[in-house]
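A.B. asks: Have a look at the structure that comes next, please.
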Amino acid sequence: MEWMAPNLFPVAWMSVSSTYVIRLILEGLLIGVIYALMALGLTLIFSVLNIVSFAHGEFYMIGGYVVYVLLNKFKALPGPAALILAAVVTFTIGAVFERLFLQPMARGQVDRPSEYAILVTFGLSFVLQYIMLAIMGPFPKKAPRFFSFPKLDLGFLRTTRTTLFLGEIPLPGGRIFAAVIAVLALMAILYFMYRTWTGWALQAVSQDRNAAAVVGINPLNMNTLAFALGGMLAGLAGAVLVTVFSWVPWVGVPASAKSFVIIVLGGMGSIPGSLVGGLILGVVESLGTGFWPNPATAQAYRDVFGLIMFALVLLVKPTGLFGRKL
């Protein structure tokens, strides 16, 4: 059965089939996984250091540029190797920055730590943006795709070089690859957080720094690890999307804004909240864009749909989906 949209707008609406709705949901889930990966990094930083990093989007931007440079300069380099190098670079930048600029705050050497954290991460954001602007220039860039699908035709499941078809639903290969890598990264970080001693130490510091120190955990080292891991996750999100979207030095600004929306939507400091919030935001944006009556302007309103949903959730549950009252 098909649902006919009422003629309430001065444009010609087409019938909307269930296939079209499923396609929008799948596309939303594919990008939502990437949102969740980036938001998880910001959640990790907030829960351990108790600050919000305003440079988070710039790690996303740098991860993409690292892959772009590697795949263009070393064409024989495998895609997974480029992703690993992007993760290493962003992890290192995060660790060095935390040691040099955030450690004084944690050691009590800064009088107003909250304001200091905002200013210093804002400063890092501007520095990274303008460094990459000087190196890469202002013009959009896009990395070559990581792989091409082999020719396959199994009836319901078909492929071309760049697209996977589930029946009549086309799914771009670049987004599928990005989503698969994001899922693997999420599984790895969740295993690390819940099944390793270091992950337990991070959780202990996020719950009570003094108690963690009493049992032999160094909170300062955990701060460095959390900030570096958070930057690495953002960098990995950018690394897998640089083949999908055009890349400019300020590409991290909207990505960072989406991360802020997700962690508040899911609950500040909640790991499950960042995962669920990312998927919800991706699906809401995809459905909102897909059902917007004027396709020519739909993408311009993409961010609006997520913000409306965000505002409604805060009206109903101000602490977010998985947040707790303090």
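A.B. asks: Considering only residues that are small (Gly, Ala, Ser) and either part of a helix (DSSP H, G or I) or under 15 Å from Met132 (Cα atoms) (or both), which ones fall in the stretch 41-73?
C.D. replies: Gly41, Ser47, Ala55, Gly57, Gly63, Gly64
For every residue, the table says whether it meets (1) over 24 Å from Ile31 (Cα atoms); (2) modelled with pLDDT of 95 or more; (3) surrounded by 15 or more Cβ atoms within 10 Å (Cβ to Cβ); (4) basic (Lys, Arg).
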{"residue": "Ile181", "(1), (2), (3), (4)": "no, no, yes, no"}
{"residue": "Leu225", "(1), (2), (3), (4)": "yes, yes, yes, no"}
{"residue": "Ala228", "(1), (2), (3), (4)": "no, yes, yes, no"}
{"residue": "Val244", "(1), (2), (3), (4)": "no, no, yes, no"}
{"residue": "Gly252", "(1), (2), (3), (4)": "no, no, yes, no"}
{"residue": "Val261", "(1), (2), (3), (4)": "no, no, yes, no"}
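A.B. asks: Give me a count of the residues in the stretch 131-147 that are outside any loop (DSSP other than H, G, I, E, B) and under 14 Å from Phe245 (Cβ atoms).
C.D. replies: 1
A.B. asks: Would you be able to tell me the number of residues in the stretch 308-326 that are surrounded by 16 or more Cβ atoms within 10 Å (Cβ to Cβ) and either in a helix (DSSP H, G or I) or among the hydrophobic types (A, V, I, L, M, F, W, C) (or both)?
C.D. replies: Number satisfying all stated conditions: 5.
A.B. asks: Touching a Phe, Trp or Tyr at 6+ places or on another chain (Cβ under 6 Å), touching a residue at least 60 places away in the same chain (Cβ under 8 Å), in a helix (DSSP H, G or I) and closer than 28 Å to Ala179 by Cα - does that describe any residue in the stretch 203-225?
C.D. replies: Scanning the stretch 203-225, I find no residue that is touching a Phe, Trp or Tyr at 6+ places or on another chain (Cβ under 6 Å), touching a residue at least 60 places away in the same chain (Cβ under 8 Å), in a helix (DSSP H, G or I) and closer than 28 Å to Ala179 by Cα, so the answer is no.
A.B. asks: For the stretch 134-179, how many residues are aliphatic (A, V, I, L, M), at pLDDT 85 or above and farther than 24 Å from Ile34 by Cβ?
C.D. replies: Total satisfying the criteria: 2.
A.B. asks: Another question about this same structure. Tell me whether the stretch 150-157 contains one or more residues that are in contact with a strand residue (DSSP E or B) (Cβ under 8 Å, 6 or more places away or on another chain), within 24 Å of Gly79 (Cα to Cα) and assigned to a loop (DSSP other than H, G, I, E, B).
C.D. replies: Within the stretch 150-157, one or more residues are in contact with a strand residue (DSSP E or B) (Cβ under 8 Å, 6 or more places away or on another chain), within 24 Å of Gly79 (Cα to Cα) and assigned to a loop (DSSP other than H, G, I, E, B).
A.B. asks: Next question, about the same structure. Being among the hydrophobic types (A, V, I, L, M, F, W, C) and touching a residue at least 12 places away in the same chain (Cβ under 8 Å) is the filter; apply it to the stretch 110-129 and report the residue that is surrounded by the fewest Cβ atoms within 10 Å (Cβ to Cβ).
C.D. replies: Among residues in the stretch 110-129 that are among the hydrophobic types (A, V, I, L, M, F, W, C) and touching a residue at least 12 places away in the same chain (Cβ under 8 Å), the one surrounded by the fewest Cβ atoms within 10 Å (Cβ to Cβ) is Phe122.
A.B. asks: Okay, next question. Given the structure, is Ala298 in contact with a helix residue (DSSP H, G or I) (Cβ under 7 Å, 6 or more places away or on another chain), without any contact (Cβ under 8 Å) to a residue 40 or more places away in the chain and farther than 30 Å from Ala81 by Cα?
C.D. replies: Against the criterion (in contact with a helix residue (DSSP H, G or I) (Cβ under 7 Å, 6 or more places away or on another chain), without any contact (Cβ under 8 Å) to a residue 40 or more places away in the chain and farther than 30 Å from Ala81 by Cα), Ala298 qualifies.
A.B. asks: Looking at Thr297, Thr289, which is the one that is at pLDDT 85 or above and either surrounded by 17 or more Cβ atoms within 10 Å (Cβ to Cβ) or part of a helix (DSSP H, G or I) (or both)?
C.D. replies: Thr289
A.B. asks: Which residue pairs have Cβ atoms under 9 Å apart, sit 6 or more places apart or on different chains, and have a first residue in the stretch 84-109 that is of a type outside the set (D, E, K, R) and a second that is surrounded by fewer than 21 Cβ atoms within 10 Å (Cβ to Cβ) and outside any helix (DSSP H, G or I)?
C.D. replies: Between residues of the stretch 84-109 that are of a type outside the set (D, E, K, R) and residues that are surrounded by fewer than 21 Cβ atoms within 10 Å (Cβ to Cβ) and outside any helix (DSSP H, G or I), the close pairs are Leu85/Leu77; Leu102/Ile51; Gln103/Gln109; Pro104/Val110; Met105/Ile51.
A.B. asks: So, in the stretch 244-270, exactly how many residues are touching a residue at least 60 places away in the same chain (Cβ under 8 Å) and more than 14 Å from Ile45 (Cβ to Cβ)?
C.D. replies: Residues flagged as touching a residue at least 60 places away in the same chain (Cβ under 8 Å) and more than 14 Å from Ile45 (Cβ to Cβ) within the stretch 244-270 amount to 15.
A.B. asks: State all residues of the stretch 226-263 that are part of a loop (DSSP other than H, G, I, E, B) and of a type in the set (S, T, N, Q); if no residue qualifies, say none.
C.D. replies: Within the stretch 226-263, Thr243, Ser246 qualify.
A.B. asks: Can Met132 be described as more than 14 Å from Ala234 (Cβ to Cβ) and either free of Cβ contacts under 8 Å to residues at least 60 places away in the same chain or of a type in the set (A, V, I, L, M) (or both)?
C.D. replies: yes
A.B. asks: Let me ask you something else. When the stretch 138-159 is examined, which residues are found to be surrounded by 14 or more Cβ atoms within 10 Å (Cβ to Cβ) and without any contact (Cβ under 8 Å) to a residue 40 or more places away in the chain?
C.D. replies: Phe149, Arg158, Thr159
A.B. asks: Got at least one residue in the stretch 167-182 being over 23 Å from the mean Cα position of the chain (by Cα), in contact (Cβ under 8 Å) with a residue 24 or more places away in the chain and on the phi > 0 side of the Ramachandran plot?
C.D. replies: Scanning the stretch 167-182 turns up at least one residue that is over 23 Å from the mean Cα position of the chain (by Cα), in contact (Cβ under 8 Å) with a residue 24 or more places away in the chain and on the phi > 0 side of the Ramachandran plot.
The values are calculated or read from the model by the stated rules, or taken from the named source; none is laboratory data. This structure is a prediction, so every number in the text was calculated from the model and none was measured. When we count neighbours, we look across all protein chains shown, and the Cβ atoms used for this are built from the backbone with ideal geometry, even at glycine.
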